[in-house]
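The values are calculated or read from the model by the stated rules, or taken from the named source; none is laboratory data. All figures in this text were calculated on a predicted structure; none of them were measured in a lab. Positions of Cβ are backbone-derived with ideal geometry, glycine not excepted, and every protein chain shown enters the neighbour counts. For the accessible areas, the whole protein counts, side chains as well, though only heavy atoms, and no ligand, DNA or RNA atoms are used. Shrake-Rupley method; radii C 1.70, N 1.55, O 1.52, S 1.80 Å.
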Amino acid sequence: MKRKTIKHKFVELMPDDIKEGILYISIPFATAIHRCPCGCGELIVTPIKPTDWSLNWNGKTITLYPSIGNWTLSCKSHYWIIRNQIYWASSWSNYRIQANREYDRKKKQQYYGKKRY
Ligand SMILES: [Zn+2]
(Lines give C-alpha, C1' and ligand atoms only; values in the text may rest on other atoms or scores of the structure.)
Protein backbone atom coordinates (compact mmCIF):
# COMPACT_ATOMS: atom_id res chain seq x y z
CA MET A 1 0.00 0.00 0.00
CA LYS A 2 1.25 3.44 -0.91
CA ARG A 3 1.80 5.78 1.96
CA LYS A 4 0.41 9.30 1.88
CA THR A 5 2.35 10.80 4.76
CA ILE A 6 5.82 10.54 6.25
CA LYS A 7 7.20 11.74 9.56
CA HIS A 8 10.66 13.15 9.92
CA LYS A 9 13.31 12.71 12.55
CA PHE A 10 16.52 14.64 12.96
CA VAL A 11 19.39 12.37 13.91
CA GLU A 12 23.11 12.76 14.38
CA LEU A 13 23.96 9.32 12.99
CA MET A 14 21.68 7.11 10.96
CA PRO A 15 20.24 4.31 13.10
CA ASP A 16 20.74 0.69 12.03
CA ASP A 17 17.04 0.15 11.99
CA ILE A 18 15.43 2.52 9.50
CA LYS A 19 11.70 2.33 10.10
CA GLU A 20 9.10 2.75 7.39
CA GLY A 21 7.20 6.01 7.37
CA ILE A 22 10.04 8.06 8.81
CA LEU A 23 12.45 10.32 6.98
CA TYR A 24 15.70 10.36 8.95
CA ILE A 25 17.68 13.54 8.49
CA SER A 26 21.29 13.96 9.50
CA ILE A 27 22.50 17.53 9.20
CA PRO A 28 26.16 16.69 10.03
CA PHE A 29 26.19 14.17 7.18
CA ALA A 30 23.94 16.23 4.92
CA THR A 31 21.84 13.18 4.11
CA ALA A 32 18.27 12.02 4.45
CA ILE A 33 17.25 8.36 4.42
CA HIS A 34 13.87 6.70 4.27
CA ARG A 35 12.26 3.50 3.12
CA CYS A 36 10.41 3.53 -0.17
CA PRO A 37 6.82 4.43 0.71
CA CYS A 38 5.32 2.24 -2.04
CA GLY A 39 5.51 -0.65 0.38
CA CYS A 40 8.59 -2.35 -1.05
CA GLY A 41 10.61 -0.96 1.85
CA GLU A 42 13.83 -0.39 -0.11
CA LEU A 43 16.27 2.04 1.46
CA ILE A 44 16.32 5.41 -0.27
CA VAL A 45 19.25 7.75 0.32
CA THR A 46 18.88 11.38 -0.67
CA PRO A 47 22.03 13.46 -0.23
CA ILE A 48 21.32 17.08 0.69
CA LYS A 49 23.56 18.99 -1.69
CA PRO A 50 23.23 21.85 -4.17
CA THR A 51 23.35 19.25 -6.95
CA ASP A 52 21.06 16.71 -5.35
CA TRP A 53 18.19 17.45 -2.96
CA SER A 54 17.24 20.50 -1.01
CA LEU A 55 15.62 20.10 2.34
CA ASN A 56 13.23 22.66 3.66
CA TRP A 57 12.19 22.52 7.30
CA ASN A 58 9.66 25.12 8.35
CA GLY A 59 9.88 24.27 12.02
CA LYS A 60 7.10 21.75 11.77
CA THR A 61 7.21 19.87 8.49
CA ILE A 62 9.81 19.08 5.86
CA THR A 63 9.85 19.32 2.10
CA LEU A 64 12.36 17.62 -0.16
CA TYR A 65 13.02 19.07 -3.55
CA PRO A 66 13.03 17.85 -6.30
CA SER A 67 10.94 14.68 -6.46
CA ILE A 68 12.29 11.24 -5.68
CA GLY A 69 12.40 8.82 -8.57
CA ASN A 70 13.49 5.31 -7.75
CA TRP A 71 14.25 4.27 -11.30
CA THR A 72 16.76 1.63 -10.32
CA LEU A 73 14.29 -0.20 -8.10
CA SER A 74 11.81 -2.68 -9.45
CA CYS A 75 8.91 -0.58 -8.13
CA LYS A 76 10.14 2.51 -10.08
CA SER A 77 8.16 4.69 -7.74
CA HIS A 78 8.16 8.44 -8.18
CA TYR A 79 6.87 10.86 -5.59
CA TRP A 80 7.25 14.23 -3.97
CA ILE A 81 7.61 14.82 -0.27
CA ILE A 82 5.97 18.14 0.48
CA ARG A 83 5.26 19.21 4.08
CA ASN A 84 5.40 15.59 5.22
CA GLN A 85 2.82 14.55 2.61
CA ILE A 86 3.66 12.12 -0.14
CA TYR A 87 2.38 13.07 -3.56
CA TRP A 88 2.61 10.22 -6.02
CA ALA A 89 3.65 11.06 -9.51
CA SER A 90 2.97 8.89 -12.49
CA SER A 91 5.69 6.45 -13.45
CA TRP A 92 8.03 7.96 -15.95
CA SER A 93 8.66 6.41 -19.30
CA ASN A 94 12.16 5.20 -20.03
CA TYR A 95 12.58 8.13 -22.36
CA ARG A 96 11.86 10.64 -19.63
CA ILE A 97 14.10 8.83 -17.17
CA GLN A 98 16.93 9.01 -19.69
CA ALA A 99 16.29 12.69 -20.38
CA ASN A 100 16.24 13.42 -16.68
CA ARG A 101 19.53 11.64 -16.10
CA GLU A 102 21.07 13.69 -18.85
CA TYR A 103 19.74 16.90 -17.30
CA ASP A 104 21.08 15.86 -13.93
CA ARG A 105 24.51 15.14 -15.33
CA LYS A 106 24.67 18.53 -17.03
CA LYS A 107 23.55 20.30 -13.89
CA LYS A 108 26.32 18.63 -11.89
CA GLN A 109 28.88 19.38 -14.55
CA GLN A 110 27.88 23.03 -14.53
CA TYR A 111 27.99 23.27 -10.77
CA TYR A 112 31.32 21.59 -10.27
CA GLY A 113 32.73 23.22 -13.35
CA LYS A 114 31.94 26.64 -11.98
CA LYS A 115 33.46 25.88 -8.62
CA ARG A 116 36.79 24.89 -10.11
CA TYR A 117 38.17 28.31 -11.16
ZN1 LIG B 1 9.18 0.95 -3.77
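A Gaussian network model of the chain, with springs between Cα atoms under 10 Å, assigns the largest mean-square fluctuation among Glu42, Glu20, Glu12 to Glu12. Nonpolar atom fraction for the chain, defined as the carbon and sulfur part of the 1.4 Å probe accessible area, stands at 53 percent.
Each Lys and Arg contributes +1 and each Asp and Glu -1, all at the Cβ; summed about the Cα centre of the stretch 7-92, the dipole is approximately 280 debye.
Considered as an equivalent ellipsoid built on the Cα gyration tensor, the stretch 7-92 has semi-axes of 19, 15, 12 Å, the largest given first.
Would you mind working out the accessible area per residue for the chain, using a 1.4 Å probe, and quoting it in Å²?
Heavy-atom SASA per residue in the chain reads 68 Å².
Counting only residues at least eight positions apart within a chain, or on another chain, the aspartates and glutamates with an alpha carbon under 14 Å from that of Lys49 are Asp104.
Cross-link partners for Lys19 among the aspartates and glutamates, with Cα-Cα distance under 12 Å and sequence neighbours closer than 8 places in the same chain left out: Glu42. Summing +1 for each Lys or Arg and -1 for each Asp or Glu among the other residues whose beta-carbon sits under 12 angstrom from that of Ile22 gives +3.
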